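First up is the structure itself, then whatever we jot down about it.
The values are calculated or read from the model by the stated rules, or taken from the named source; none is laboratory data. For clarity, every value in this text was computed on a predicted model and none was experimentally measured. Positions of Cβ are generated from backbone atoms using ideal geometry, with glycine treated the same way; all protein chains shown enter the neighbour counts.
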Amino acid sequence: MNDVGVDDACVDTRVDSARNGKPSREQFAIGPYQVQHLPTGAKFGAYPGENDLCYINWGRLSERYAAQDYCEELKKIASELLRERTKY
């Protein structure tokens, strides 16, 4: 599988303190089989033909982001994005 185009992405990956450091949909790059949270490098993927979240690679998720509610919010957003993308 190829990465989601992280090298080409020009995204401000700083955590927005105005939103209390919550992840947002705008922080994700969307590829054909996975979505990637750019600030942490966490990847969430679905197998070809599937829309449901099948695997997670937490990337550079540090203690700063490792709070359970932050991880759950990442999974929730990633699942939504995977369901909304075109199925390959």
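Keeping to region 4-30, report how many residues are modelled with pLDDT of 50 or more, in a loop (DSSP other than H, G, I, E, B) and not small (Gly, Ala, Ser). Break it down into steps so the answer makes sense when it comes.
Going residue by residue through region 4-30, those that are modelled with pLDDT of 50 or more are 20-30.
From what is left, the residues that are in a loop (DSSP other than H, G, I, E, B) are 20-24.
Right, trim to not small (Gly, Ala, Ser) and you get 20, 22-23.
The total comes to 3.
Looking only at region 31-88, count how many residues are modelled with pLDDT of 90 or more, more than 10 Å from the chain's Cα centre (by Cα) and assigned to a loop (DSSP other than H, G, I, E, B).
Count: 4.
I need every pair where a residue in region 75-88 that is farther than 18 Å from ALA42 by Cβ has its Cβ under 7 Å from the Cβ of a residue that is part of a loop (DSSP other than H, G, I, E, B) and at pLDDT below 95, sequence separation at least 6 or different chains.
Listed by first residue and then by second, the contacts come to LYS87/GLY49; LYS87/ASN51; TYR88/PRO32; TYR88/TYR33; TYR88/PRO48.
Look through LEU38, LEU53, LEU81 and report the one residue that is of a type in the set (A, V, I, L, M, F, W, C), crowded, with 16+ Cβ neighbours inside 10 Å and within 16 Å of GLY21 (Cα to Cα).
LEU38
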